[in-house]
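Written below as structure tokens is the structure these notes are about.
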Amino acid sequence: MSTKAKEEQNTAESILADIAIKAQLADYSPIKGCMVIRPYGYAIWERIKEILNKMIKDTGHENAYFPMLIPESFLQKEAEHVEGFAPECAVVTHAGGKELTEKYVLRPTSETIINHMFSKWIESYRDLPMKLNQWANVVRWEMRTRLFMRTSEFLWQEGHTCHATWDEAQQETLTMLDCYKTLLEKYLAVPIHTGKKTQSEKFAGAEATYTIEALMRDGKALQAGTSHNLGQNFAKAFETQFTNDQNQLEYVYQTSWGVSTRLIGALIMGHHDDVGLILPPEIAPYQVVVIPILKKNKDNTEILEAAKTINNELQAAGIRTKLDDRVTISQGHKFNEYEQKGVPIRLVIGPRDLEEGKLEVHRRDIQSKEKDIPRDGIATRLQKLLAQIQKEIWQRAVDYRTEHTTIVKSIEEIETALDKPGGFARAMWNGDVALEKILKDKFKATIRCMPDDKELDASQHPCVLSGESSTNNVEILVARAY
RNA sequence: CGGGAUGUGGCUCAGCUUGGUAGAGCGCUUCGCUUGGGACGAAGAGGUCGUAGGUUCGAAUCCUGUCAUCCCGACCA
């Protein structure tokens, strides 16, 4: 069977796994549902961290670290929270060769332990706002796992903030959602809808959950990040109180927000083709790979020097590069390797190019190759090309989403839309939870969010459930999701 | 936890029906020859066939238990 035929019969799941493995982003671990993030995959994560960490700090947050082990009793303090997370918690029962009197939970998220500390640290409105973030791993024992999209242990960033007023907490919730939007759209080139989750889809313990929802190339939606207004729920459970400027004791208003290594899953399923991964230049660990055409057992000094010089020149211009000067691997192998890894540009220099002062430039996203690119001014040229590639990858993703979004007026139309173009169905809804049950039971779909971007006229467009139009109805995006 | 499938060198798998003591391709090592898109040739290294027991003169193969993984459902960033 040809490779192409194999690709076509692959399910979305195996596309994800194939690319993750072949691009050497990750590998399976001996532990069920866990994965090893390999250097190239981790480099993408580091790039995400680098960008987001700056945004987090620029918006007035500080990084800290809280322990991985949480006393089991902490989880139980917030009713909705324990109900939501208990089934997927891994619990430590023994340590130091003895059974523990109180079991420890491997954090599925850190609201509880952080609140425990907040309640010690916060006394007065003068201590507020307190805005912390931690980069950490969390463990959620999932029944079914997929590389990057859902693993039992994953890396993420979790922000936790305390405020003196509800309004301020709400503002914080939306500010961080906006940071996520920027990260996804400007850097990962993944268009997202921001919006609010329905009651049934919100975070266990939150007052309201806001989400960034992306669309993958297999037509499924992906919750790529969330930001929660926690209200005073955890504050009450942990007695996180402060004295306000009227000398009255009050519970703090809190938020929490996070994005995870799932973002790498979003990159994989958002940008790929039959060959493998396609990385947007802004997020690529290296934007250009320089490959000299080398001859084994011959003097390659001249060509290697030329490659190094170009490599340095590109780096001096602020381009992230990798020079692959391995003599033991044929260039054909290298070409293939970097295409699977999605490196945006491949720059090839061989003896002929050296003589003629030219280079070969290959664009990964559209698999185009141009020979005889002038050696002079290469850095400037590639900078422009990288910007153009970023823009075009983004535009293709936007177009894809537009083509896979259907405006619907009835439940029947939702079903058709989910099957035919796939992707999002945009509708009006009167808020009756019966719809969520129908979607889930019949179509395996969910209301992804009530989007901030509105396209429908509530007074004209009927509710998919009742068929009636009302200005009380809300606009929703429905999709099958990861 | 239900339903289905699979465990054999690093990887993908054949061999099992009909028991006779382990193979192929890829990868790896060395040498030679090559080199502008995954080269070729030769020589080599590497497996107590998931695991425990049973049947048998003899088990990768048959039987039973067990563990693990994958797929389909119920849960989820």
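Some observations on this one:
- Matching residues in the range A:273-287 - criterion: being within 15 Å of RNA strand B (Cβ to nearest atom) and under 29 Å from A:Ala136 (Cβ atoms): A:Leu277
- Scanning the range A:84-104 for residues that are in contact with a Pro (Cβ under 7 Å, 6 or more places away or on another chain) and either under 18 Å from A:Val139 (Cα atoms) or not assigned by TED's automatic domain parsing to the domain that holds A:Met68 (or both) yields a total of 4.
- Residue check: A:Phe203 meets all listed conditions (1) at pLDDT 95 or above; (2) within 16 Å of RNA strand B (Cβ to nearest atom); (3) open to solvent by 20 Å² or more (accessible area, probe 1.4 Å) but one, namely (1).
One line per residue, one yes/no per condition, for (1) in a helix (DSSP H, G or I); (2) crowded, with 19+ Cβ neighbours inside 10 Å:
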site	(1), (2)
A:His193	no, yes
A:Glu213	no, yes
A:Gly219	no, no
A:Ala224	no, yes
A:Ala237	yes, yes
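- A:Glu80 passes every criterion in (1) among the acidic types (Asp, Glu); (2) more than 24 Å from the chain's Cα centre (by Cα); (3) not in a helix (DSSP H, G or I) apart from (3).
- For A:Ala397, the conditions (1) within 16 Å of RNA strand B (Cβ to nearest atom); (2) aliphatic (A, V, I, L, M); (3) within 30 Å of A:Ile366 (Cβ to Cβ) all hold with the exception of (1).
- A count restricted to the range A:439-466 and to residues that are more than 19 Å from A:Ala208 (Cα to Cα) and either open to solvent by 50 Å² or more (accessible area, probe 1.4 Å) or in the same structural domain as A:Arg217 (by TED's automatic domain parsing) (or both) stands at 11.
Yes/no matrix, rows are residues, columns are (1) over 30 Å from the mean Cα position of the chain (by Cα); (2) more than 7 Å from RNA strand B (Cβ to nearest atom):
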residue: A:His271; (1), (2): no, yes
residue: A:Val289; (1), (2): no, yes
residue: A:Asn297; (1), (2): yes, no
residue: A:Ile303; (1), (2): yes, yes
residue: A:Gly342; (1), (2): no, yes
residue: A:Leu347; (1), (2): no, yes
residue: A:Glu355; (1), (2): yes, yes
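- Residue list for the range A:159-191, restricted to those being closer than 27 Å to A:Asn115 by Cβ, open to solvent by less than 50 Å² (accessible area, probe 1.4 Å) and within 22 Å of the chain's Cα centre (by Cα): A:Gly159, A:His160, A:Thr161, A:Glu172, A:Thr173, A:Thr175, A:Met176, A:Leu177, A:Cys179, A:Tyr180, A:Leu183
- For the range A:131-158, the set of residues classified as more than 20 Å from the chain's Cα centre (by Cα) and closer than 23 Å to A:Ala64 by Cβ consists of A:Lys131, A:Leu132, listed by residue number.
- Boolean, A:Pro292 is touching a residue at least 12 places away in the same chain (Cβ under 8 Å), surrounded by 20 or more Cβ atoms within 10 Å (Cβ to Cβ) and over 25 Å from A:Leu52 (Cβ atoms): yes
- If you go through the range A:77-88 and keep only what is modelled with pLDDT under 90 and open to solvent by 30 Å² or more (accessible area, probe 1.4 Å), you end up with A:Ala79, A:Glu80, A:Val82, A:Glu83, A:Gly84, A:Ala86, A:Pro87, A:Glu88.
- Looking across A:Thr93, A:Thr109, one residue alone is part of a loop (DSSP other than H, G, I, E, B), among the polar types (S, T, N, Q) and touching a strand residue (DSSP E or B) at 6+ places or on another chain (Cβ under 8 Å). It is A:Thr109.
- The set of residues in the range A:276-293 being of a type in the set (Val, Ile, Thr) and closer than 9 Å to A:Gly342 by Cα consists of A:Ile278 alone.
- Residues satisfying the stated conditions in the range A:315-355, i.e. of a type in the set (D, E, K, R) and open to solvent by 60 Å² or more (accessible area, probe 1.4 Å): A:Arg320, A:Lys322, A:Asp325, A:Arg326, A:Arg352, A:Glu355
- Residues of the range A:226-235 that are open to solvent by 10 Å² or more (accessible area, probe 1.4 Å) and within 15 Å of RNA strand B (Cβ to nearest atom): A:Thr226, A:His228.
- Among the residues making up the range A:367-394, those that are within 32 Å of the chain's Cα centre (by Cα), more than 9 Å from RNA strand B (Cβ to nearest atom) and in contact (Cβ under 8 Å) with a residue 24 or more places away in the chain are A:Ala379, A:Thr380, A:Leu382, A:Gln383, A:Leu385, A:Leu386, A:Ala387, A:Ile389, A:Gln390, A:Glu392, A:Ile393, A:Trp394.
- Selection within the range A:368-387 - farther than 15 Å from A:Pro344 by Cα and assigned to a strand (DSSP E or B): A:Lys371, A:Asp372, A:Ile373, A:Pro374
- Test result for A:Phe203, assigned to a helix (DSSP H, G or I) and aromatic (Phe, Trp, Tyr): no
- Scanning the range A:243-257 for residues that are open to solvent by 10 Å² or more (accessible area, probe 1.4 Å), touching a residue at least 60 places away in the same chain (Cβ under 8 Å) and in contact with a strand residue (DSSP E or B) (Cβ under 8 Å, 6 or more places away or on another chain) yields A:Thr243, A:Asn244, A:Glu250, A:Tyr253.
The values are calculated or read from the model by the stated rules, or taken from the named source; none is laboratory data. Worth saying up front: this structure is predicted, and the values here are computed from it rather than measured. A quick note on method: Cβ atoms are made from the backbone with ideal geometry, for glycine too, and the neighbour counts reach across all protein chains shown. Side chains are part of the model used for accessible areas, which takes the heavy atoms of the whole protein and leaves out ligands, DNA and RNA. Shrake-Rupley method; radii C 1.70, N 1.55, O 1.52, S 1.80 Å.
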